[in-house]
1. For segment 252-266, how many residues meet the condition of being among the polar types (S, T, N, Q) and either near the ligand (Cβ under 7 Å from one of its atoms) or surrounded by fewer than 24 Cβ atoms within 10 Å (Cβ to Cβ) (or both)?
2. Among the residues of segment 320-348 satisfying the criterion of being touching a Leu at 6+ places or on another chain (Cβ under 8 Å) and not β-branched (Val, Ile, Thr), which is most open to solvent (accessible area, probe 1.4 Å)?
3. Does any residue of segment 18-27 turn out to be open to solvent by 40 Å² or more (accessible area, probe 1.4 Å), farther than 28 Å from Phe206 by Cβ and in a helix (DSSP H, G or I)?
4. Is it the case that some residue within segment 274-282 is open to solvent by 30 Å² or more (accessible area, probe 1.4 Å), more than 25 Å from Ala327 (Cβ to Cβ), touching a residue at least 24 places away in the same chain (Cβ under 8 Å) and away from the ligand (no atom under 16 Å from the Cβ)?
5. Check segment 256-277 and report whether any residue there is in the same structural domain as Asn208 (by TED's automatic domain parsing) and touching a Ser or Thr at 6+ places or on another chain (Cβ under 6 Å).
6. Checking the condition within 15 Å of the ligand (Cβ to nearest atom) and open to solvent by less than 30 Å² (accessible area, probe 1.4 Å), which residue from Gly237, Gly201 passes?
7. Does segment 165-181 contain any residue that is farther than 21 Å from Asn102 by Cβ, crowded, with 22+ Cβ neighbours inside 10 Å, modelled with pLDDT under 85 and not charged (D, E, K, R)?
8. Among Asn288, Asn269, which is without any contact (Cβ under 8 Å) to a residue 24 or more places away in the chain and assigned to a helix (DSSP H, G or I)?
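The values are calculated or read from the model by the stated rules, or taken from the named source; none is laboratory data. Note that the structure is a prediction, hence the values are computed from the model and not measured. Note that each Cβ is placed from the backbone with ideal geometry, even for glycine, and that neighbours are counted across all protein chains shown. Protein only, heavy atoms only, side chains kept; ligands, DNA and RNA dropped before computing areas. Shrake-Rupley method; radii C 1.70, N 1.55, O 1.52, S 1.80 Å.
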Amino acid sequence: MTLRGTNQESGRPYNRRIVLEAIRLNGPVTRADIAKRVSLTVQTVSTIVRELEEQGYILSVREEPRGRGIPPSVLTINPQGGYVAGIHLTPLGIDAALVDLNGNIVESAYRTAPNVAPDLAFQLIGELVSELRAGGSKRILGAGMALPGPFGIDSMSFIGATTMAGWKDVPLKERLAEAADLPAFIDTDMACAALGEQLYGIGSQFSNYYYLYFGVGLGGAMVHDGAVMRGGWGNAGEIGHIPAVPDGEPCPCGNSGCLERYLSLDAFNRRGVSQQMWAEEIRPIFHNAVRTIENLLDPQTIVLGGLAPPDLIEKLVASAGLPNSVAARKDRKHPRLVMASDCQNSVLRGAAALAVSSLLSPRFGQMFSTPDEKGIAA
Ligand SMILES: [Zn+2]
């Protein structure tokens, strides 16, 4: 992705985001190097860097002298410069974590709450965020929440292991902002997982990749030029309901033979065989899914992650004999399948990444938003 600053006065908040992003992606990095990367003058960059340093978002370090002369100081993100609350709502309960600017989980808390209704959920979220805040000295910039999709589809908001009943028409963002008393951001669990990998994991090596989310169900997200493709209504990730087996097993969505009836944690648990045996058994269906994704979207790679046991994900990633597709290029630099950097906490860290990106990164949020005392645009 190319970052490019603007010389217009109205672009100041945007330039701050650009400079911060350049430091995040390339740090430790010198002012001169940033200026070159984002096409701004060294003077403009230095002014912004001074502001960011004063606000505590970045750290300036002088490298050890090598040879003659004083080496220039280099800049890195200050992980303690700000924190966000990540929240992951699942049909089983609510996970919450305080995450620093480098994506490290520094506090976490959980409430068991099976199929929780919205009122109770937001009450619990309020409690969880207060717990994470206890101690009090940390600057908390916002809250990001991930929950299972799809959003707003009556016929697919079915009763089943992977969905939330009773959440239709809830003003999620407003309710979260109120409960957490923070700027709030919402997305589906799989979009969050992909975003987390993009910001903190192996996804940062790619500009175009498909994230296959192996959870209780099966979801996915295409990351294109560093942003998650959402589709017209934000539901672009429901790969679990593409047809896999003609006249196959009935699915709660009303169709039959859907991919996630065969390829998901739910399917694995229902089958009740060893990981080794299941990975072997499911291979043809998995490989067809890989082929479909590759031919449709031409990703640089497919990142496989999710809540499934890492051993199982590893077995699928390692499965040999992938079929031919547009991805079978001789000049590939990366394998067609790679494992996510963080499987277990990917959604939670991704939910936090959602807030970090929206508040601080030039790629998301309102780039020229009105100043917000809690955000970098101030
Ligand atoms: Zn289905």
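1. Let us first name the residues in segment 252-266 that are among the polar types (S, T, N, Q), namely 255-256, 264.
Now drop any that are not either near the ligand (Cβ under 7 Å from one of its atoms) or surrounded by fewer than 24 Cβ atoms within 10 Å (Cβ to Cβ) (or both), which leaves 255-256.
Summing the residues that are among the polar types (S, T, N, Q) and either near the ligand (Cβ under 7 Å from one of its atoms) or surrounded by fewer than 24 Cβ atoms within 10 Å (Cβ to Cβ) (or both) in segment 252-266 gives 2.
2. Of everything passing the filter in segment 320-348, Gln344 is most open to solvent (accessible area, probe 1.4 Å).
3. No.
4. Taking every residue of segment 274-282 in turn, at least one turns out to be open to solvent by 30 Å² or more (accessible area, probe 1.4 Å), more than 25 Å from Ala327 (Cβ to Cβ), touching a residue at least 24 places away in the same chain (Cβ under 8 Å) and away from the ligand (no atom under 16 Å from the Cβ).
5. Step one: of segment 256-277, the residues in the same structural domain as Asn208 (by TED's automatic domain parsing) are 256-277.
Narrowing further to those that are touching a Ser or Thr at 6+ places or on another chain (Cβ under 6 Å): none.
No, there is no match, as no residue in segment 256-277 is in the same structural domain as Asn208 (by TED's automatic domain parsing) and touching a Ser or Thr at 6+ places or on another chain (Cβ under 6 Å).
6. Unique residue meeting the criteria: Gly237.
7. Checking segment 165-181: not a single residue is farther than 21 Å from Asn102 by Cβ, crowded, with 22+ Cβ neighbours inside 10 Å, modelled with pLDDT under 85 and not charged (D, E, K, R).
8. None of the others qualify; the one that does is Asn269.
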